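The values are calculated or read from the model by the stated rules, or taken from the named source; none is laboratory data. For clarity, every value in this text was computed on a predicted model and none was experimentally measured. Because the Cβ atoms are built from the backbone with ideal geometry, glycine has one as well, and the counts that use them run over all protein chains shown. With ligands, DNA and RNA removed, areas are computed over all heavy atoms of the protein, side chains included. Shrake-Rupley method; radii C 1.70, N 1.55, O 1.52, S 1.80 Å.
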Amino acid sequence: MSSRDRILGRIRRATATAAPAPAVPRDYLPVHGARTPAQTAALLAANLAEYRAKVHRTDEDGLAPLLARLLSERGARSVLVPAGLPPHWLPAADPTRVHDRADSTPYELDAVDSVVTGCALAIAETGTIVLDGGPGQGRRRITLIPDHHICVVRVPDQVVDSVPRALPLLDPTRPLTWISGPSATSDIELDRVEGVHGPRTLEVVLLGAQ
Amino acid sequence: MPAFPEAAKDAVGDEVLRANLRHATHTIRDKRARAVAELADWELLRAAGKAVKDQTLRHLDRYLLQLEESVTAAGGVVHWAADAEEANRIVTGLVRATGEREVVKVKSMATQEIGLNEALEAAGIAAYETDLAELIVQLGRDRPSHILVPAIHRNRAEIRDIFEAEMGSWGRAAPAGLGDDPRELAEAARLHLREKFLRAKVAVSGANFMVAETGTMVVFESEGNGRMCLTLPDTLISVVGIEKVVPTFRDLEIFLQTLPRSSTAERMNPYTTMWTGTTDGDGPSAFHLVLLDNGRTDTLADEVGRQALRCIRCSACLNVCPVYERAGGHAYGSVYPGPIGAILSPQLRGTGSEIDASLPYASTLCGACYEVCPVAIDIPEVLVHLRERVVQGGPVTREGIRVRIRPARGHAAERAAMRAARHLLDHPCALRAGERLLARARRLRPRRLPGPGRAWTDSRELPELPAEPFRDWWARERGGRGSLGDTEGRGDRGDTGDRGDVGDRGDRRDRGGRT
């Protein structure tokens, strides 16, 4: 008998006399509190900042100058650019563009200073941005290896209030990365330290009418 | 492994360890209470989480088959492992087939449970733990002592010393003049591990959840070592307990809210990765899922004990447990310490060994663990149930077969006392005579019991003996009206065997109700 059959057989014997399990009560809240879209964006900004992401706000006209300034302040000489990133976000040639390619090695990515991406959506109540590999986001690893990640969130249309509001909008067949603040550890005496293996600096740009 | 009281003895006497544990558990439990208080619907989420897990366990066969189908359709390969040995054999074979001699690992309780690192080492394959705390444990040739923060028993000075002494022999050495600031230590770990991440071709992980409906695997983490392991190598092997499946993608909305708040006391952990099979050009090109039984189906066969399989490994129960706080994680003698370990390990492994027979007693039954559990596992109920099994024996399922176990050794005195009590209560005259004799001899009452009762009186005062048995007092004072006769004495008799357990449960409930 295969282990598969053995395990399934054991499960069936173990549950043969079990009572039917009651239905799952779904009376928990879809959203915690009533907010206007502006308040939701403000909550997202506050929760991101509390977990040490740097939050910026700008409109369409201000985006390119803001991104240029953030990269320059960081001293970035190279920036990873996922396919599908709107070309007008990073108009100038400096810093050097590195394109997200399937055949690039982790060592090549490790040599890049910064990465700029969009996102699939952001969740206000938890201060989370979610990437799904869609246009302007790239492969999972490009937001992992460089030490500096700038993520642009369109406000209000990419912002949802809560986790239950986020899941129906996501496609589970795509690889999903949920990011809440920069990489962190609390493994030493439960002192929170930002930055272990992922980017130590996460900047989130809320893009919308000012 | 000796029984829990012996195993805990050193820890209880170690002041540094107790200070480390006390600091850590109190910090996290206070933060957790604040994070939970933010959600007005916490109790509803808790009830929903419990129901999802119960639903899953009730139809576990169906959900595992659905999961297998979804993962396979998404490009993954599913393997089934009945026990630790089989799981290790499968993983070792998969790594060998890649031609690689090293793997990077993201923290996984399941692979620790089966001793995978040791099995790989025996096969000439080096396994590198990449979670900071796991790295500290591995470099220190130590054992994990907490589910979430396995190096909770170490302070920063100890960690600095371990890094300085050991990093060099595993790869990149610690920077010269390394201090003990957590920031510096994390940086040293970053440098040490980065070279391993960038060259790794094979990774081994666990998973927090697997979604039957879609085949999606989910890993919650904070540092990014998980993302490194899950996305950079060519081959990813995930070893996951069969109880980690949930029916639908939507079910994750519950656990994405309850798990981070219960474990790290955050609204959300920094990184969560979800992947479904393989994706062209993004992440590993080969994905293997090893579904692990290793005692889980036996646990499922126990009507009271099966609720332990609801556990989502948040570790909230450890942080509130007065016993864990003093004894530390090592005393539990398994990868699952604390209250959940006290009910999970003796079920996964059986109660045959000294340590497993003693674990159901490693608790005060105060009920704090139940109060904080995000899937409402009634840990005290299972503890009492397992105590009964240890003392009285009875039917259990081992490796799928229904067997009858005998009472554990070491409980002979307890059973003898019970038999004596039953005899006395069956014979009211003997009881009355005994009571009178005791009352007369009350001046001779020893402070400590001799023989097998000594351990009990090591930490307790023997109760005062009354000058006169209650029956005599009743007969003297109220002799004319009503009587506390033999019939009533007999009426109580049937319950005596269980009274201790029932009393414990009643006390706990009462305390729980008042707090």
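Applying the selection to region A:111-137, what residues are aliphatic (A, V, I, L, M), more than 12 Å from chain B (Cβ to nearest Cβ) and either touching a Cys at 6+ places or on another chain (Cβ under 8 Å) or assigned to a strand (DSSP E or B) (or both)?
If the condition is that a residue be aliphatic (A, V, I, L, M), more than 12 Å from chain B (Cβ to nearest Cβ) and either touching a Cys at 6+ places or on another chain (Cβ under 8 Å) or assigned to a strand (DSSP E or B) (or both), then A:V115, A:V116, A:L121 are the ones that fit.
Within region B:122-176, can you find the residues that are closer than 24 Å to B:T264 by Cβ, in a helix (DSSP H, G or I) and not aliphatic (A, V, I, L, M)?
Answer for region B:122-176, where residues must be closer than 24 Å to B:T264 by Cβ, in a helix (DSSP H, G or I) and not aliphatic (A, V, I, L, M): B:E134, B:Q138, B:R156, B:E158, B:R160, B:F163.
Name the helices (runs of 4 or more DSSP H) wholly within region B:1-80 that hold at least 2 residues that are farther than 25 Å from A:I11 by Cα?
B:4-13, B:15-37, B:42-58
Suppose we filter region A:77-121 for residues that are of a type in the set (F, W, Y) and open to solvent by less than 20 Å² (accessible area, probe 1.4 Å); how many remain?
1
If the requirement is being over 26 Å from A:V193 (Cα atoms) and in contact with a Gly (Cβ under 7 Å, 6 or more places away or on another chain), which of these qualifies: A:R4, A:R10, A:R26?
None of the other options fit; the residue is A:R10.
Quick check on my filter: what residues within region B:129-158 are under 19 Å from B:A203 (Cβ atoms) and open to solvent by 30 Å² or more (accessible area, probe 1.4 Å)?
Within region B:129-158, just B:Q138 meets the criteria.
For A:I150, are the conditions met, namely being within 14 Å of chain B (Cβ to nearest Cβ) and not in a loop (DSSP other than H, G, I, E, B)?
It is false that A:I150 is within 14 Å of chain B (Cβ to nearest Cβ) and not in a loop (DSSP other than H, G, I, E, B).
Pairs only if they're at least six apart or on different chains, beta carbon under 7 angstrom, first in region B:228-249 and under 30 Å from A:V24 (Cβ atoms) and open to solvent by 20 Å² or more (accessible area, probe 1.4 Å), second in a strand (DSSP E or B) and not charged (D, E, K, R); list them, first residue then second.
Close Cβ pairs satisfying both conditions: B:K244/B:F209; B:K244/B:M210; B:T248/B:V211.
Can you pull out the residues in region A:166-199 that are without any contact (Cβ under 8 Å) to a residue 40 or more places away in the chain, more than 7 Å from chain B (Cβ to nearest Cβ) and part of a loop (DSSP other than H, G, I, E, B)?
Scanning region A:166-199 gives A:D171, A:R192.
Hey, can you tell me all the residues within region A:51-65 that are within 23 Å of A:G195 (Cβ to Cβ) and either out of contact with any Leu (no Cβ under 6 Å at 6 or more places or on another chain) or open to solvent by 20 Å² or more (accessible area, probe 1.4 Å) (or both)?
Within region A:51-65, A:Y51, A:R52, A:K54, A:V55, A:H56 qualify.
Can you pull out every residue in region A:21-31 that is facing chain B (nearest Cβ under 7 Å) and open to solvent by 30 Å² or more (accessible area, probe 1.4 Å)?
A:P22, A:V24, A:P25, A:R26, A:D27, A:L29 - these are the residues of region A:21-31 that are facing chain B (nearest Cβ under 7 Å) and open to solvent by 30 Å² or more (accessible area, probe 1.4 Å).
Any residue that is touching a helix residue (DSSP H, G or I) at 6+ places or on another chain (Cβ under 8 Å), basic (K, R) and under 26 Å from B:G277 (Cα atoms) - is there at least one of those in region B:32-54?
Yes, some residue in region B:32-54 is touching a helix residue (DSSP H, G or I) at 6+ places or on another chain (Cβ under 8 Å), basic (K, R) and under 26 Å from B:G277 (Cα atoms).
Given A:R69, A:R74, which one is out of contact with any helix residue (DSSP H, G or I) (no Cβ under 7 Å at 6 or more places or on another chain), surrounded by fewer than 18 Cβ atoms within 10 Å (Cβ to Cβ) and more than 25 Å from B:Y271 (Cβ to Cβ)?
A:R69 is the lone residue from the list that is out of contact with any helix residue (DSSP H, G or I) (no Cβ under 7 Å at 6 or more places or on another chain), surrounded by fewer than 18 Cβ atoms within 10 Å (Cβ to Cβ) and more than 25 Å from B:Y271 (Cβ to Cβ).
Among the residues of region B:281-296, is any buried (at least 24 other Cβ atoms within 10 Å of the Cβ), in a helix (DSSP H, G or I) and either more than 7 Å from chain A (Cβ to nearest Cβ) or of a type outside the set (D, E, K, R) (or both)?
yes
Which of the helices (runs of 4 or more DSSP H) contained wholly in region B:341-436 include at least 2 residues that are within 27 Å of B:L57 (Cβ to Cβ) and of a type in the set (K, R)?
Answer list for region B:341-436: B:379-392.
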